[in-house]
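K.L.:
Below are the structure tokens for one structure; questions will follow.
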Amino acid sequence: MLNKEKKFAEMASVDKARDVAGWLDAKQGERISIIDVTGLSSVTDMILVVSARGVKHAQALASHILDKAAEENMEFLSMEGHKTGEWVLIDLNDVLVHVFLDELREFYNIEGMWTEAPRVEFEA
């Protein structure tokens, strides 16, 4: 019989999103928003949006998420935009994290695309 160990930690999407929001808050991420798109999106269950004060801050926030995800044994699929740091997308499978510079956050208006989706509260 094969030993089937779970590769990644099992946790509810909302709990994972709250954990990530806490990590971002600890690193001074600004205007953190969690959007529950369960049943509305075929790609993910939770969308997390955060503003960074500048390119270096955005890169640091993204790197921190990767470090903490590895530490917590969370699934990580991909990251885009880290090099430019203006809009970094981190795919944690059931949680998508958008790290934006403020002006790009306003321009792309991710929250506005999901006005029908409930927002998730978290403790900062």
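Read-outs throughout are calculated quantities, based only on the coordinates presented, and are distinct from any laboratory measurement. Remember, it's a predicted structure, so these values are computed and weren't measured experimentally. All Cβ positions, even for glycine, are placed from backbone atoms using ideal geometry, and neighbour counts span all protein chains on display.
K.L.:
Determine, from the Cβ-Cβ distance of ILE110 and SER63 and an R0 of 25 Å, the FRET efficiency 1/(1 + (r/R0)^6), rounded to the nearest 0.05.
P.N.:
With a Förster radius of 25 Å, E is 0.75.
K.L.:
Turning to a different aspect of this structure: Could you state the angle between the C-alpha long axis of helix 13-26 and the longest principal axis of the C-alpha atoms of the chain, as a value from 0 to 90 degrees rounded to the nearest 10?
P.N.:
Result, in degrees: 50.
K.L.:
In the chain, what percentage of the DSSP-assigned beta bridges are antiparallel, given to the nearest 5?
P.N.:
So the antiparallel bridges in the chain amount to around 70 percent.
K.L.:
Report the number of Lys pairs in the chain whose alpha-carbons are under 27 Å apart, with separation of 8 or more residues or on distinct chains.
P.N.:
Count of close lysine pairs: 16.
K.L.:
Can you give the helix-only mean residue ellipticity at 222 nm for the chain, where every DSSP H stretch with n ≥ 4 adds -39500 (n - 2.57) and the sum goes over all residues, rounded to the nearest 500 deg cm²/dmol?
P.N.:
That calculation yields -10000 deg cm²/dmol at 222 nm.
K.L.:
Expressed as cubic angstrom per residue, what is the convex hull volume of the alpha carbon set of the range 19-120?
P.N.:
90
K.L.:
Express the relative contact order of the range 19-120 as a whole percentage, based on alpha carbon pairs under 8 Å and six or more residues apart in sequence.
P.N.:
Computed value for the range 19-120: 30 percent relative contact order.
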